[in-house]
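This report concerns only the one structure given below.
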Amino acid sequence: MRSEDYVQSEHADLWLSDNYLRWGVESILEHIAFGNTAIRYVFLSENQYLDVLKHNYDRGSSKIILLTDGAFFHFLDGIAFYQFSMDSSIEELQEFIISISHPNENQLQRKIPVVLTHRERVLINLIKEGKRIAEIGEHLNLHIKTVYQVRQSLIKKMGCSGAVDLLRTLHSDVFKNWLAESHQCH
């Protein structure tokens, strides 16, 4: 992480490498009256996910907001956090920040961890290599319908909308970091 990717303000930590996005969030934060000043708001982009995890923010006194490119990462379970699309308008982001800063806002529930089977891990590697379903079936010595079922199960488990969304997710930095961090023992 470059030092300019991390900025600390009065109420928030910004882990954003996009300068325009960071300036926009800083501008919005300047115009919000925070009720509870003990809460720290942590904004991060997808490529800072691992850095924020390593920072070990206190979940009781921090609200972590992952600003995404529109895709939501349902498999992330390392920390309880909010997700918000960077494609949203300034007004929508401002309303979102106000809504999560409200004292009556419900606490995020910790997600059930996503655990990948060995077969799913192998399937992920083969998909990332660009293998076709028939090639994957040959490699794993499985019928093509079984490969489709495992892939469909993986799509559902990852919270993806389909095969194209799964492929995009598998190649994202967030997924690569999550996989390395959460599945190193499996």
Exercise. Among the residues of region 141-152, which ones are within 27 Å of Leu76 (Cβ to Cβ) and either among the hydrophobic types (A, V, I, L, M, F, W, C) or within 20 Å of the chain's Cα centre (by Cα) (or both)?
Worked result: Val147, Val150
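Name the single residue that is surrounded by the most Cβ atoms within 10 Å (Cβ to Cβ) among those in region 8-20 being in contact with a strand residue (DSSP E or B) (Cβ under 7 Å, 6 or more places away or on another chain), at pLDDT below 90 and not polar (S, T, N, Q).
Of all residues in region 8-20, those in contact with a strand residue (DSSP E or B) (Cβ under 7 Å, 6 or more places away or on another chain) come to 11-18.
Adding the requirement that they be at pLDDT below 90 leaves 11, 17-18.
If we keep only those that are not polar (S, T, N, Q) too, we end up with 11, 18.
Details: His11: 17, Asp18: 14.
Per the criteria, the residue is His11.
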For this session: Find the strands (runs of 3 or more DSSP E) located wholly in region 1-54 whose residues include 1 or more that are touching a residue at least 12 places away in the same chain (Cβ under 8 Å), in contact with a Lys or Arg (Cβ under 7 Å, 6 or more places away or on another chain) and under 16 Å from Tyr82 (Cα atoms), and list them.
Result: 12-15, 40-45
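The values are calculated or read from the model by the stated rules, or taken from the named source; none is laboratory data. Keep in mind that this is a model prediction, so the values were computed, not measured. Note: ideal-geometry Cβ built from the backbone for every residue, glycine included; neighbour counts use all protein chains shown.
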